[in-house]
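One structure below.
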Amino acid sequence: MVKNNINTSANNNDDINTNSNNNKASFSYNTNTQNNNQQQQDFNESVNRSLDQTKDNINRSIEESGNPIPQYNNIVNSYQEQTLLSLYFTGLCKVKDFELYFL
């Protein structure tokens, strides 16, 4: 009977070692999975931040490019007005019923 008890305890030690190895493997797998998930989340957050910054830069550029347009319109209108007045005062055109006639 003593031999059987020793063999049984040896088998129990093998079972404990096997369970311990399985637990280590399971922990390693879970840790790797968690690391991969964390890396994926970090990557996604980085991409989202980059896209948000790009969107903000585009919106800022659009706003900045739209600011001088009214100024350019005013400049063009002023040149047109000056040209028409010059033509009128030189006698090269005349105005009748708010329409411009070239001579």
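FYI, it's all coordinate maths here, none of it is from the lab. Keep in mind the model is a prediction, meaning the values are calculated, not measured. No Cβ is skipped: glycine too gets one built from the backbone with ideal geometry, and neighbour counts run over all protein chains shown.
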Label-to-label distance, nm, for residues given as I69 and Q41 (7 Å Cα→Cβ offset): 4.3 nm
Cβ-derived FRET efficiency at R0 25 Å, L85 paired with R60, nearest 0.05: 0.05
